[in-house]
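*Asks:* Take a look at the following structure, please.
Computed from the coordinates by the stated procedures, all read-outs in this text should not be read as laboratory data. Predicted model, so just to flag it, every value in this text is computed and none were measured. Ideal geometry is used to build each Cβ from the backbone, glycine not excepted, and the neighbour counts take in all protein chains shown.
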Amino acid sequence: MKTELSIIIPVYNEEEWICKSISRLYEETERAGINFEIIAIDDGSSDNGISLLRKLQSDLPHLRIISGPHRGKGYALRHGIHKAQGEVVCMLDADIPVEYSQIHKFFRIVQREKLDIIIASRFVHGGTYHTPYSRKVISIMFRVFRIAILGMSHIRDTQCGVKLARTQSIKSLLSQCFVDGYCFDTELLYLASKMNFRIRELPVQIVTFRSTRIQLLRASIIMIRDLILIRMVHSGRI
Ligand SMILES: Nc1nc2c(ncn2[C@@H]2O[C@H](COP(=O)(O)OP(=O)(O)OP(=O)(O)O)[C@@H](O)[C@H]2O)c(=O)[nH]1
Ligand SMILES: [Mg+2]
């Protein structure tokens, strides 16, 4: 039977959540009647998350696990998209910060409306997001830098951890992508916008139940560097 949806989950030291969140997602997606696969892409986690997940695999035949050396979230997502067999891919953070039904709803909208990309957005009307004030300020600053460097002012939220896309459309962009870290999503959307892909941003209610593990200053510097590189590389200046 044809795979309709490939859910790609980058996994890096997620021992605490990964088995629980993938089992629930698996169950709920089966219940929604979608032919799916889940691809967990680990790159060099130092905890036991992936070995625990491998133990689950015999009960979850549509779960694929890929491991490799540490390269970053963006690289892991690219690798997962390459391997995806579904007509639509969903890029999803391992803590699954949304209601499962929301993912299924977005999947049906991509199919019905023949969209190339759906961005789950915290910043359009109806979207919500509870996080410490400092994290919100960083998100706003990132948006300001992103618009100053790359434009795309029509897109409000490039960084939310839930995106769906028509596999064929985004596979056509992957060979141009080079960002291995957190700015991969921005690069993908930048290229997709240049190609006039059909992109829709829809509100999402993000539920985070863990505190950030990112070193915010370091991550912000890398992300601004990557924004500049995206601009230079894709406008042919290097
Ligand atoms: N494979 C892989 N996955 C990664 C890497 N870094 C982060 N991830 C995954 O990317 C997803 C998002 O990571 P988070 O640390 O939650 O980052 P975030 O959601 O942008 O930031 P928070 O708001 O702090 O949660 C999770 O599924 C992580 O496991 C990496 O280097 N490799
Ligand atoms: Mg997160």
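*Asks:* What does the extension gain come out to for K20 and S67, with contour length at 0.36 nm per residue minus their alpha carbon separation? List each step's numbers first, then the result.
*Replies:* Numbers: separation 47, 0.36 × 47 = 16.92 nm, distance 1.93 nm.
Here the answer is 15.0 nm.
*Asks:* I need the phi-derived Karplus couplings for region 10-27: 6.51 cos²θ - 1.76 cosθ + 1.60, θ = phi - 60°, integer Hz, Gly and Pro marked x.
*Replies:* x, 10, 9, 6, 10, 3, 5, 10, 4, 5, 5, 5, 6, 4, 5, 4, 4, 4
*Asks:* Straight-line reach from K20: which lysines have a Cα under 20 Å away, not including same-chain ones fewer than 8 places off?
*Replies:* K55
*Asks:* List the residues whose amide H sits under 5 Å from the amide H of V207, counting only those 5 or more places along or on another chain, with H placed 1.01 Å from N in the peptide plane.
*Replies:* V98
*Asks:* Which far-off residues, 5 or more places away or on another chain, put their amide H under 5 Å from the one on E14, with H placed in the peptide plane?
*Replies:* Those lying under 5 Å, H to H, from E14 are G49.
*Asks:* So how much slack lies between H130 and S153, counting 0.36 nm per residue of separation and subtracting their Cα-Cα distance, in nm?
*Replies:* Length gained, H130 through S153: 6.0 nm.
*Asks:* Using 0.36 nm per residue of separation minus the Cα-Cα distance, give me the extension gain between R198 and E27 in nm, one decimal.
*Replies:* Working: separation 171, 0.36 × 171 = 61.56 nm, distance 3.04 nm.
Extra length available between R198 and E27 comes to 58.5 nm.
*Asks:* To the nearest 10 degrees, how steeply does helix 184-194 sit against the main Cα axis of the chain, on a 0 to 90 scale?
*Replies:* It works out to around 60 degrees.
*Asks:* Gap in Å between the Cα centre of region 177-204 and the Cα centre of region 5-33?
*Replies:* 23 Å
*Asks:* Size of the chain along its principal axes in angstrom, Cα-based, largest extent first?
*Replies:* Result, largest extent first: 48, 39, 36 Å.
*Asks:* Can you list the equivalent-ellipsoid semi-axes of region 147-238, largest first and in whole Å, using the square root of 5 times each Cα gyration tensor eigenvalue? Don't jump to the answer; show the numbers that get you there.
*Replies:* Values: eigenvalues 93, 71, 30 Å².
Gyration-tensor ellipsoid for region 147-238: 22, 19, 12 Å.
*Asks:* Please give the calculated 222 nm ellipticity per residue for the chain, where each DSSP H segment of at least 4 residues contributes -39500 (n - 2.57) and the sum is spread over every residue; nearest 500 deg cm²/dmol?
*Replies:* Numbers: 8 runs with 103 residues, N = 238.
Helix-only estimate at 222 nm: -13500 deg cm²/dmol.
*Asks:* Another one. Using the Karplus curve 6.51 cos²θ - 1.76 cosθ + 1.60 with θ = phi - 60°, work out ³J(HN,Hα) for each residue of region 137-148 in order, rounded to whole Hz, and write x for Gly and Pro.
*Replies:* 4, 5, 4, 5, 5, 4, 4, 4, 4, 4, 5, 5
*Asks:* Given R₀ = 45 Å, what would the calculated FRET efficiency be for L56 paired with V144, taking r from the Cβ atoms and rounding to 0.05? Present the calculation step by step, with values, prior to reporting the outcome.
*Replies:* Values: r = 42 Å, r/R0 = 0.93.
After rounding, the FRET efficiency stands at 0.60.
*Asks:* Mind listing the long-range amide H neighbours of S121? Cut-off is under 5 Å, sequence gap 5 or more, other chains count too, H placed in the peptide plane at 1.01 Å from N.
*Replies:* Close amide H contacts, sequence-distant or interchain: L202, V204.
*Asks:* Counting DSSP beta bridges in the chain, what percent are antiparallel, to the nearest 5?
*Replies:* Details: 8 of 32 bridges.
Percent antiparallel among DSSP bridges in the chain is about 25.
*Asks:* Go ahead and collect, in residue order, the members of region 167-195 whose backbone nitrogen is under 16 Å from a label point 7 Å along the Cα-Cβ direction of Q111.
*Replies:* 167-168
*Asks:* What ³J(HN,Hα) values, in whole Hz, does the Karplus curve 6.51 cos²θ - 1.76 cosθ + 1.60 give for region 65-76 when θ = phi - 60°, with x put for Gly and Pro?
*Replies:* 10, 10, 10, x, x, 5, 10, x, 4, x, 4, 4
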